[in-house]
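Have a look at the structure below, then the notes.
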Amino acid sequence: MVDLHTHSTASDGTFTPSELAAAVKKEGISAFALTDHDILIGLDEAAEEAKRHGIIFIRGVEISVKWSPGELHLLGLDLRKDSHELNMLLQDLQDERINRNQRMAEKLKKAGFDISYEKVRDFAGGDKGLGRPHFAAYMAVHKMVKKNQEAFDKYFAKGRPFFEEKENAGLAEAISAVKSAGGIPVLAHPMSLYLSWSSLPDVIADFKRQGLVGLEAWNSSTKYNDCKRLEKLAASLDMPVTAGSDFHGTIRKDRKLGESSKNGIKIEDRFYENLRTIHPDLPPLPIAK
């Protein structure tokens, strides 16, 4: 069992990178990738803990890319070297994230909520990776809503009163940045593009022409039948398939480490082997006893 899409407290997860690696070990997962949103600061800590537990660790990132009406996220898997291009892109995205958070906080304050950017930042332990989940958690803890999801549904989802757009990266520049770090660009949870099945193949084919390499066909936010169709689509385009839980910790209890699709399918070793077809020098998985 492997997991090629997880998050930590470096972005919007609830487990620290070390806690995540320990949880991965506990679940019997032999290889995992940390792919925090637009940030790399948790990778060294996760790598050290993974090594201590004898787990194969894949350095990754999830980059926010311009897209409408849905969301486009690009995974960068197996980042191998420091890249000025990637670092600068992620810094721009972090700066824009801070601006967006400040705009959201100002809207909330004007609407009468006892909240400020500084209060949420202190609650979250800093502004690195700060985003809507932290606002939602702050509101739940301070009894402004009953639970985190209510804050999203009423206030922070697209089209809701306190949602604020942020300026994301262009797809071509995000792909280029991942490749500059020696990484493999993979489209995360393709169904979040909100495209029909009639238009999805042409769009993915265009992404491939722009340099996209892989497709995350299996993800815990995706229905089983859609995962199967995505895998067939990837095969028709000669694209390797990956799989990930998109684990965020206790704030998303429906997403479990080592499981993909809404049916809770275990993530098989073959998805890691798909990465090895692109980067053959990735370490082999341990042989099951």
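The values are calculated or read from the model by the stated rules, or taken from the named source; none is laboratory data. Computed from a predicted structure; not experimentally measured. Neighbour counts are summed over all protein chains in view; Cβ atoms, including those assigned to glycine, are modelled from backbone coordinates with ideal geometry. The accessibility values were calculated without ligands, DNA or RNA, using every heavy atom of the protein model including side chains. Shrake-Rupley method; radii C 1.70, N 1.55, O 1.52, S 1.80 Å.
Please name whichever of Gly126, Gln149, Pro185 sits farthest to the positive end of the charge dipole of the chain, dipole taken about the Cα centre and charges placed at Cβ: Lys and Arg +1, Asp and Glu -1.
The one lying farthest along the dipole's positive direction is Gln149.
For segment 190-289, what mean projected area does the convex hull of the alpha carbons give, in nm²?
Value for segment 190-289: 7.7 nm².
Based on the alpha-carbon gyration tensor of the chain, what equivalent-ellipsoid semi-axes (square roots of 5 times the eigenvalues) come out, in whole Å, largest first?
30, 22, 19
Net charge around Arg52, counting only other residues with Cβ within less than 14 Å of its Cβ (Lys, Arg = +1; Asp, Glu = -1)?
Summing Lys/Arg as +1 and Asp/Glu as -1 gives -2.
Ignoring everything but the protein chains, give the 1.4 Å probe accessible area of Leu285 in square angstrom, nearest 10.
Leu285 has an accessible surface of roughly 20 Å² with all protein chains in place.
What accessible surface, in Å², does a 1.4 Å probe find on Lys232, ignoring ligands, DNA and RNA and rounding to the nearest 10?
Per-residue accessible area (Lys232): approximately 150 Å².
Once you charge only the Cβ atoms, +1 for Lys and Arg and -1 for Asp and Glu, what is the size of the charge dipole of the chain about its Cα centre, to the nearest 20 debye?
Taking the Cα centre of the chain as origin, the dipole is about 900 debye.
Convert each backbone phi in segment 203-216 into a coupling constant with the Karplus relation 6.51 cos²θ - 1.76 cosθ + 1.60 (shift: θ = phi - 60°), then list the ³J(HN,Hα) values in order as whole Hz, x for Gly and Pro.
5, 5, 4, 5, 4, 4, 4, 7, x, 4, 9, x, 10, 7
Rounded to the nearest 500, what is the chain's calculated 222 nm mean residue ellipticity when only DSSP H runs of at least 4 contribute -39500 (n - 2.57) each, over all residues?
-12000 deg cm²/dmol
At 1.4 Å probe size, with every protein chain present, just tell me what the per residue accessible area of the chain comes to in Å².
Per residue, the chain has 46 Å² of solvent-accessible surface.
Accessible surface of Ser64 in the full protein assembly, 1.4 angstrom probe, to the nearest 10 Å²?
Here the residue's solvent-accessible area equals roughly 10 Å².
Please report, in debye to the nearest 20, how large the charge dipole of segment 83-201 is about its Cα centre when each Lys and Arg carries +1 at its beta carbon and each Asp and Glu carries -1 there.
580
Return the whole-Å distance between the Cα centroid of segment 124-181 and the Cα centroid of segment 46-111.
Centre-to-centre distance over Cα atoms comes out at 11 Å.
Long-range amide H contacts for Glu27: which residues qualify at under 5 Å (H placed 1.01 Å from N, peptide plane, sequence gap of 5 or more or a different chain)?
none
Report the charge-dipole magnitude of segment 183-228 in Debye, nearest 20, computed about the Cα centre from +1 at each Lys and Arg Cβ and -1 at each Asp and Glu Cβ.
With only Lys, Arg, Asp and Glu charged at Cβ, the dipole is about 60 debye.
In whole Å, how far is the Cα centre of segment 189-206 from that of segment 212-289?
With segment 189-206 and segment 212-289 each reduced to a Cα centre, they are spaced 18 Å.
Please list 3J(HN,Hα) in residue order for segment 63-77, calculated via the Karplus relation 6.51 cos²θ - 1.76 cosθ + 1.60 where θ = phi - 60°; whole Hz, with x for glycine and proline.
Those phi angles translate into 9, 7, 10, 4, 6, 8, x, x, 10, 10, 10, 10, 7, x, 9 Hz.
Of all accessible surface on the chain at a 1.4 Å probe, what whole percent is carbon and sulfur?
That fraction is 50 percent.
Enter the angle in degrees (range 0 to 90, nearest 10) between the Cα long axis of helix 17-26 and the first principal axis of the Cα atoms of the chain, meaning the one along which they spread out most.
Once rounded, one gets 50 degrees.
Sorting Thr6, Thr16 by accessible area (1.4 Å probe), largest first, what list results?
If we order Thr6, Thr16 from most to least accessible, we get Thr16, Thr6.
Within segment 58-98, list the residues whose amide N lies under 15 Å from a label point set 7 Å along Cα→Cβ of Leu200.
70-73
Could you tell me the calculated FRET efficiency between Asp44 and Glu164, based on Cβ-Cβ distance and R0 = 30 angstrom, to the nearest 0.05?
0.45
In this model, which of Lys107/Lys146; Lys147/Lys256; Lys25/Lys256; Lys25/Lys179 are farther than 24 Å apart at the alpha-carbon?
Violating the 24 Å Cα-Cα cut-off are Lys25/Lys179.
Rounded to the nearest 0.05, what FRET efficiency do Arg52 and Asp122 have when you use their Cβ-Cβ distance and R0 = 25 Å?
0.20
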